[in-house]
1. Looking at the stretch 130-152, I want the residues that are at positive phi and have a partner that is in a loop (DSSP other than H, G, I, E, B) and at pLDDT 95 or above with Cβ atoms under 6 Å, at least 6 apart or on another chain. Which pairs are those?
2. Can you tell me which residue is surrounded by the most Cβ atoms within 10 Å (Cβ to Cβ) among those in the stretch 93-120 that are more than 14 Å from the chain's Cα centre (by Cα) and polar (S, T, N, Q)?
3. Among the residues of the stretch 257-268, is any within 18 Å of Ile185 (Cα to Cα), of a type in the set (Phe, Trp, Tyr) and surrounded by fewer than 24 Cβ atoms within 10 Å (Cβ to Cβ)?
4. If I go through the stretch 188-204 residue by residue, how many of them are part of a loop (DSSP other than H, G, I, E, B) and surrounded by 20 or more Cβ atoms within 10 Å (Cβ to Cβ)?
5. For a quick check of your reading of the model, give me the residue pairs whose first member lies in the stretch 91-118 and is not assigned by TED's automatic domain parsing to the domain that holds Ala71, whose second is in a strand (DSSP E or B), with beta-carbon atoms closer than 7 Å and at least 6 apart or on different chains.
6. Is it the case that some residue within the stretch 121-135 is of a type in the set (Val, Ile, Thr) and under 9 Å from the mean Cα position of the chain (by Cα)?
7. Identify all residues within the stretch 206-221 that are within 16 Å of the chain's Cα centre (by Cα) and of a type in the set (A, V, I, L, M, F, W, C); write none if there are none.
8. Identify, from the list Asp197, Asp228, Asp220, the residue that is of a type in the set (Asp, Glu) and in contact with a His (Cβ under 9 Å, 6 or more places away or on another chain).
Amino acid sequence: MFKLGFTLTAPVVFVLCSICAAIVPAQSSQRFVSARLGRDFYPCTVQLPCRTFAAALQQVPPRGEIIALDAGDYGPATITKAVTIAGPVGGQAGIRVGSGPAVTIDAGPTDIVVLRGLTINGSGLRGPLQIPEAPGVLFRTGEALHIENCVINGFFGGGIHFGGAGQLFVKDTIVRNCTRAGIEIGPGTGKAIASIDHCRLEKNERGVAASGAVQLTVRDSVAAGNEDAGFSAGALAVVVLGNCVATGNEFGISAIGGFAGSPTVYVSNSTIANNNVGLRSIQSGLLSRANNTVEANRENGSFTGTFQAK
């Protein structure tokens, strides 16, 4: 009978521990992706990152964070839990799709989703014979969606479509070249509360559009070169615009009501200039704090009334 034995030296122990650390995901809430080094069968650690957001979403725990280590295309993602997806420090991670939404949020009623530092590109195709219409970011369900420091470009559909009840926060973001609204807010049921801050909406069909049970505040933002309205309000929406610019659009600000109800738009310290029509109001309240600039439009239009600062 033979007895086998061996002794583990310190270097061997170190190597084995390093391998285990790389293979077994850490108990932290962070998972990592890399366009340069990632593979989807990796465990999404810093040492062995995944390749796509979809693979990392399968491994990240609820309320966790997915971090891109380098710039690249990480593919479309469907989000069903609270999570943060963040681009690399000092850069942006990309999502490019030929059809369908780039990011779909079907999360739980208490889930908060954060998208930060992403460049989201569609096909850029236009016209009824092209790909099926789909937005860049589609929110169906969840408690809140935060979009920060992102660029959303070229979707045959809206840039951001917020179609559920909940809260939307968009900050320091550019949405351009989309065939519907750059940011469209219209919950099918329930109420949506939205804040847009320091954003640019360029060469979409409409810049920002809100309709239905929506409370929207837009601050320090620009809607430029849109085919229809820079800022648009439909039935029942309450929209507050402060320190905003609408220029080069068909309509600078458009508020249209109907059988479903009338919208109300409050405008303060904003510039509506060089549009075809500056102000359009039909069965709605389009109110000024009497400190706006409405000039150099082909037709300036007029506010329906005023409101006082409190």
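1. Gly142/Ala107; Gly142/Asp111; Asn149/Gly117; Asn149/Asp172
2. Only one residue fits best here, namely Ser99.
3. Checking the stretch 257-268: at least one residue is within 18 Å of Ile185 (Cα to Cα), of a type in the set (Phe, Trp, Tyr) and surrounded by fewer than 24 Cβ atoms within 10 Å (Cβ to Cβ).
4. So the answer is 2.
5. Once the first residue is not assigned by TED's automatic domain parsing to the domain that holds Ala71 and sits in the stretch 91-118, no partner that is in a strand (DSSP E or B) comes close enough.
6. No, the stretch 121-135 has no match at all.
7. Residues satisfying the conditions are Val208, Ala209, Ala210, Leu216, Val218.
8. After ruling out the rest, the residue left standing is Asp220.
The values are calculated or read from the model by the stated rules, or taken from the named source; none is laboratory data. Everything quoted here is computed from the prediction, not taken from an experiment. Please note: Cβ atoms are built from the backbone with ideal geometry, for glycine as well, and neighbour counts cover all protein chains shown.
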